[in-house]
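Chemist: The structure under discussion is supplied below as structure tokens; questions concerning it will follow.
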Amino acid sequence: MKFLYSILALVLLIACKQSEGQTAEKSIINGTATPIYLDEDEGEIVLTDYFTDTTVIDSIASGTDFEAALIENNALLRYKMNPETPLVTNLRIWTSGIANDIPIFKSTKKSFEIKVPKSLGDFSELQLKGEFTNWQLQPFELKDNQWVYTNVVTPGEHQYILVGDGIEMKDPTNSNSISNGMGGTNSLLSIATNEEKIPFLKTQNISEEGFTLTTSNPVLSIVAYSDNQRIASENITNQNDVISIKLPKNNSKRSHIRVYAANEFGRSNDVLIPLSEGKIITNASQLVRTDFQTQVMYFLMVDRFKDGDASNTKKVVNDSILPKANYYGGDLQGVLDKINDGYFKELGINTIWLSPITQNPEGAYGLWPEPLTKFSGYHGYWPISNTKIDYRFGSEAIFKELIAKAHDNGMNVILDYVANHVHKEHPLYKQHPDWATQLYLPDGSLNTERWDDHRLTTWFDTFMPTLDFSKPEVVEKMTDSAAYWVTHYDLDGFRHDATKHIQLEFWRTLTKKVKERTDRPIFQIGETYGSPELIRSYINTGMLQAQFDFNLYDTEVNAFATAASFDRLATTLKQGLDYYGSHHLMGNISGNQDRARFISYASGDVRFDEDAKKAGWTREIKMSDTTAYNKLAMLQAFNLTTPGIPCIYYGDEYGSIGANDPDNRKMMKFDDLDAHEKQLKAQVEALIHARRNSMALQYGSTEVLQANATAMVIRRHYFNDTETVIFNKGTEAITFEGITVAPNNYKLVKQ
């Protein structure tokens, strides 16, 4: 096999090797060619993630970095890294004489071992689950009276717990632990990252020919791209820790430069620079709503936002449904009204995310035990049609007008789409019951809410069949239904529900159809609770651009609502930049429909160790500590000054209180805000406008300059624009570089 690889590499090298500068025609890759993160030194790469038609692939331009061969009719590429392969390298694929370049990141995973003496627990079986197993149980082996577990992980911190004969516990051999956010603790595995030895890139100067970067540590390898084509090595110089890059000619209305570097200790941060007609953008006024890096998202639940048309308000008439779980009357007309009166524009929002608007059932379903109640489908997540708008929300005409008005005001509209499941009244399920997964597992137990151990088949409830996406006919039908929304309407994208519960083939098929059937940028962001690796597995050119970062949010809640040190938040922030890229599009939420309101945790009115959903039904949540408004302002400031897409859950701009569902879904309040609410809303507006007017906060490098028990300092830098945000959750004022910040407050400073 090694001989075969060598012959293939030599033939391809002779046939296809050209100067890196000879890239007269643009790459045919539709969208940014996202980096390929390798887990192993040999394996396969799915090329359909980058090419909608792999039959156009001619060959691979091979060099000395790795060996590669096309297989499966060019759909896959089999590779083998060499020991000398740098941590950052490039894959060039030729299509009819056109160069298409894709960054490749060599695996940085390290092996580790956990040993637990048998004397510490008389178990017949010991298992482990954690972030590096996606919380799936994996066994220890018993060797010489020791339980032994081995694996490989990416350097950094990873939470885990042990399970002895079914009982969960911390690792008795590891004193390093962390709160799990639910009243308990997890053990913490730490693998050194060598952060202080890795290069850190910062933009420096712009010249007529290009630009320069500085680096904190020596760089051994560097790759730079103009869109999806590598910038020739002769146009890159690296002397005395200053990297100079000459820009290729590119007259496109919008193009991007990307830079990746590494040394023997690890990969650097990456650099992203937007260009307009070949010129580097330094003024944020040149950015537009389709520059997804600039998005500030607002998530609203249609039924709970504003009732703009009383004629379509219709509650489910059923005494078993308590008012909190019935329709309130919000609709698309109400959203349109708030676009027209300037609410979103004044706030600074440029992307509106609507909860699902497809037709939901008329009846009462489910059951909550205390107080005893059923539910209506007011939230939209129980579809009985995948293409028809629920009459209680409006009509096709109103929806089209809403989208058009949003666009007139410089705003995107993305739609929450439910593909994972349907309601049992859906005609699809009635006609094809075999298209659903099994409600009962082979052992006879219910296959409901088995989020991790049966994540691709589990049902959310007994009246919500999960579709079986291992069947090609189901994938075909449901991807057609989803694509309908961006072909029939001028929508700008999707928020996809329950992403991790659907096979990857669905996302690949959908994205291919979206690209083939539309001629505009379509943004797709998913919902996945799980490890960073699981989350990242759905993000690439051929699937989704991003997912929501719930791991970061959980750490934010802990950092800003409790006395926990900021160091864990700083670590989680940097971990996200390593996993998803320094300029990722991950959604950074202020809250959502499945969590108690942050402000109520911060005020102490909802406890971390209680069932927040039960609290939402059985207690009236109040505001007992108004310092919580400052804490929410700090969380909003964190989201609006760090990489990713800040996403405000409706009402969080003024501090809507509440426990979990349904208490976190109150009717939106536009008037009669009290002084604290008005002040918070003004702070959020100022933060949004600061972000949207700053290149540093949208495209800059990110450094955590300080993180301790009560203070955290983050700096963003982009050429001549530098922004520093200082957080102080202590009881005394602090000073950083001459900047004083009051207790329980933050300050954003342009330098």
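The values are calculated or read from the model by the stated rules, or taken from the named source; none is laboratory data. All values derive from a computational prediction rather than experimental measurement. Every residue, glycine as well, gets a Cβ built from its backbone with ideal geometry; the counts of neighbours run over all protein chains shown.
Chemist: Could you list, in sequence order, all residues of segment 275-301 that are assigned to a strand (DSSP E or B) and either buried (at least 20 other Cβ atoms within 10 Å of the Cβ) or free of Cβ contacts under 8 Å to residues at least 24 places away in the same chain (or both)?
Modeler: Scanning segment 275-301 gives Leu275, Ser276, Lys279, Met297, Tyr298, Phe299, Leu300.
Chemist: Mind checking which pairs have a first residue in segment 648-660 that is free of Cβ contacts under 8 Å to residues at least 12 places away in the same chain and a second that is aromatic (Phe, Trp, Tyr), Cβ under 6 Å, 6 or more apart or different chains?
Modeler: Correct list of pairs: empty, since none qualify.
Chemist: Tally up the residues in segment 173-223 that are free of Cβ contacts under 8 Å to residues at least 40 places away in the same chain and of a type in the set (D, E, K, R), please.
Modeler: The total comes to 3.
Chemist: Restricting to segment 629-645, count the residues that are in contact with a helix residue (DSSP H, G or I) (Cβ under 7 Å, 6 or more places away or on another chain) and farther than 8 Å from Ser590 by Cβ.
Modeler: Kept after step one, since they are in contact with a helix residue (DSSP H, G or I) (Cβ under 7 Å, 6 or more places away or on another chain), are these residues of segment 629-645: 629, 631-638, 640-643.
If we keep only those that are farther than 8 Å from Ser590 by Cβ too, we end up with 629, 631, 633-634, 637-638, 640-643.
Count: 10.
Chemist: Filter segment 392-430 for residues that are assigned to a loop (DSSP other than H, G, I, E, B), more than 18 Å from Asp331 (Cα to Cα) and either at pLDDT below 95 or in contact with a helix residue (DSSP H, G or I) (Cβ under 9 Å, 6 or more places away or on another chain) (or both) and give the result.
Modeler: Of everything in segment 392-430, those that are assigned to a loop (DSSP other than H, G, I, E, B), more than 18 Å from Asp331 (Cα to Cα) and either at pLDDT below 95 or in contact with a helix residue (DSSP H, G or I) (Cβ under 9 Å, 6 or more places away or on another chain) (or both) turn out to be Asn409, Gly410, Met411, Ala419, Asn420, Val422, His423, Lys424.
Chemist: Give, as residue ranges, the strands (runs of 3 or more DSSP E) completely inside segment 34-135 that count at least 1 residues that are touching a residue at least 24 places away in the same chain (Cβ under 8 Å), aromatic (Phe, Trp, Tyr) and surrounded by 20 or more Cβ atoms within 10 Å (Cβ to Cβ).
Modeler: Numbers: elements: 42-46, 59-61, 66-71, 76-81, 88-95, 98-105, 110-117, 126-130.
So the answer is 66-71, 76-81.
Chemist: Could you check segment 636-751 for strands (runs of 3 or more DSSP E) lying wholly inside it with 2 or more residues that are touching a Leu at 6+ places or on another chain (Cβ under 6 Å)?
Modeler: Of the strands (runs of 3 or more DSSP E) lying wholly inside segment 636-751, those with at least 2 residues that are touching a Leu at 6+ places or on another chain (Cβ under 6 Å) span 645-649, 711-718, 721-728.
Chemist: I'd like to verify a number: residues in segment 716-751 that are free of Cβ contacts under 8 Å to residues at least 40 places away in the same chain and surrounded by 15 or more Cβ atoms within 10 Å (Cβ to Cβ), how many?
Modeler: The total comes to 10.
Chemist: Where in segment 231-274 are there strands (runs of 3 or more DSSP E), lying fully within it, with 2 or more residues that are in contact (Cβ under 8 Å) with a residue 24 or more places away in the chain and either among the charged types (D, E, K, R) or buried (at least 19 other Cβ atoms within 10 Å of the Cβ) (or both)? Can you show your working first?
Modeler: On the way: elements: 236-239, 242-246, 255-263.
So the answer is 242-246, 255-263.
Chemist: Of all residues in segment 354-397, how many are charged (D, E, K, R), more than 20 Å from Lys614 (Cβ to Cβ) and crowded, with 18+ Cβ neighbours inside 10 Å?
Modeler: Qualifying residue count, segment 354-397: 2.
Chemist: What tally of residues in segment 196-214 results from selecting those that are surrounded by fewer than 20 Cβ atoms within 10 Å (Cβ to Cβ), under 27 Å from Pro274 (Cα atoms) and of a type outside the set (A, V, I, L, M)?
Modeler: 10
Chemist: Are any residues in segment 610-634 under 28 Å from Tyr746 (Cα atoms) and of a type outside the set (Lys, Arg), and if so, which ones?
Modeler: At the first step, the residues of segment 610-634 found to be under 28 Å from Tyr746 (Cα atoms) are 621-634.
Ile621, Met623, Ser624, Asp625, Thr626, Thr627, Ala628, Tyr629, Asn630, Leu632, Ala633, Met634, listed by residue number.
Chemist: Do the conditions hold for Trp507, that is, is it under 19 Å from Ile535 (Cβ atoms) and surrounded by fewer than 18 Cβ atoms within 10 Å (Cβ to Cβ)?
Modeler: No.
Chemist: Name the residues in segment 321-346 that are in a loop (DSSP other than H, G, I, E, B) and either surrounded by 15 or more Cβ atoms within 10 Å (Cβ to Cβ) or at pLDDT below 95 (or both), would you?
Modeler: Looking only at segment 321-346, we keep the residues that are in a loop (DSSP other than H, G, I, E, B), and these are 322, 326-331, 341-342.
Listed by number, the residues that qualify are Leu322, Asn326, Tyr327, Tyr328, Gly329, Gly330, Asp331.
Chemist: Still on this structure, please answer the following. Suppose we keep only residues that are touching a residue at least 12 places away in the same chain (Cβ under 8 Å) and part of a helix (DSSP H, G or I) within segment 302-320. Which one would you say is surrounded by the fewest Cβ atoms within 10 Å (Cβ to Cβ)?
Modeler: Ala310
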